[in-house]
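Nothing in this text is a laboratory measurement; each read-out follows from the coordinates by a stated rule. Computed from a prediction, not measured in an experiment: that's the story for all the values here. No Cβ is skipped: glycine too gets one built from the backbone with ideal geometry, and neighbour counts run over all protein chains shown.
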Amino acid sequence: MVKAFPGGSALTTVSTGRVEKITEEMRERFDMEIVDSLEALAGLDGYLLESVDGRQHLEQFCVLAQFGKPVFIDKPLACSAEDAKAIFTLARQYGAPVMTASSLRYAAGFDGMVPADAEVFSAEAFGPMSILDDYPAYFWYGIHSAEMLFSLMGAGCRAVTAHHADQYDVLVGEWADGRLGTVRGTRGAWPSFGAVALTSDGLKSAIALGTPPYYFRLLQHVVPFIQTGQSPIADDESIEIAAFLEAAEKSLANGEVRVELAV
């Protein structure tokens with residue numbers, strides 16, 4: 001990495017509270033050139049869109065896409081299905097491949113939990129799910145468990161129902177083929193990420209391990225993507241994850257009703 005643009009979002013304190021510190025670290029520790037606009041990043045081999053606020057990603061990608069190079073977009077891809085679809089439309093228009101993922105998707109212990117040739121009948125992914133006052137509820141930490149769930153179940157979710165309690169949120173997804181997949185988010189009761197799956201190869205379960213670091217494992221997939229432009233994750237699956245979380249928020253806001261995904 002040779003250049004960076006700080007960006008930052010005034011909409012959430014998780015951005016305003018740390019962008020200055022991270023910018024200084026990039027400049028001083030990693031000797032990175034800090035530029036004053038996204039446009040000033042033109043001419044590089046690939047891009048990492050790391051803005052913590054997913055509501056910014058479409059606007060920022062509109063600039064990066066025009067460079068026609070691979071772009072990794074850190075979680076969440078976007079905070080709505082509409083924005084997620086627009087990102088991939090721009091990616092095709094400009095020939096700028098996109099990959100997006102939570103680092104938990106590739107965490108040691110979880111990655112490879114289910115054999116590649118096994119069929120998954122049902123699955124539950126679980127983990128911490130703090131909710132912020134100034135950020136779309138399930139897109140902050142719920143994205144991690146949602147990524148884990150979809151990596152097991154694949155695309156095809158058509159509706160979701162959210163259930164909320166003080167210490168838990170449970171998001172129940174209905175797949176088009178009749179399968180059910182669940183995200184269970186906790187606050188304080190259980191500090192680890194993990195999953196359970198009922199498969200054709202028996203019951204599988206795993207806890208995500210922090211060693212090696214989650215992001216190290218993620219970068220083992222991001223670097224080849226930047227080099228080749230080939231994402232290991234289907235575009236439709238990434239869009240569907242955004243739609244799943246958006247529908248879950250609508251379910252919660254409307255009395256925990258069943259909401260169909262906008263895909």
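Evaluate E = 1/(1 + (r/R0)^6) for Glu39 and Thr89, where r is the Cβ-Cβ distance and R0 equals 30 Å; express this FRET efficiency to the nearest 0.05. If you can, show how the numbers build up before the last one.
Details: r = 21 Å, r/R0 = 0.70.
So, using R0 = 30 Å, E works out to roughly 0.90.
Would you mind ranking Ser192, Ser145 by Cβ crowding within 10 Å, fewest neighbours first?
Ranked by crowding around the Cβ, least crowded first: Ser192, Ser145.
Note the angle between two axes, namely the Cα long axis of helix 214-228 and the longest principal axis of the Cα atoms of the chain, as a number of degrees from 0 to 90, rounded to the nearest 10.
The angle comes out near 60 degrees.
Taking Cα atoms, how many degrees apart are the long axis of helix 235-253 and the longest axis of the chain, rounded to 10 and kept between 0 and 90?
Result, in degrees: 70.
Within the chain, what percent of beta bridges assigned by DSSP are antiparallel, to the nearest 5?
65 percent
In degrees from 0 to 90, rounded to the nearest 10, what is the angle of the helix 19-28 Cα long axis to the longest principal axis of the chain?
Taking Cα atoms only, the helix is inclined about 50 degrees.
Students often forget the sequence filter, so: which lysines lie under 26 Å Cα-Cα from Lys3 once same-chain residues fewer than 8 apart are removed?
Lys21, Lys69, Lys75
Using only alpha carbon positions, build the gyration tensor of the chain, then give the equivalent ellipsoid semi-axes as the square roots of 5 times its eigenvalues, largest first, whole angstrom.
After diagonalising the Cα gyration tensor, the semi-axes are 30, 20, 19 Å.
What whole number of Å gives the distance from the Cα centroid of the stretch 1-53 to the Cα centroid of the stretch 190-226?
After rounding, the separation between the Cα centres reads 27 Å.
Sort Ile131, Ile241 by Cβ crowding within 10 Å, fewest neighbours at the top.
Details: Ile131 15, Ile241 30.
In increasing order of surrounding Cβ atoms, one gets Ile131, Ile241.
Compute the distance in nm between two label points, each set 7 Å from the Cα along the Cα-to-Cβ direction, one at Ala189 and one at His163.
Computed distance between label sites Ala189 and His163 equals 1.1 nm.
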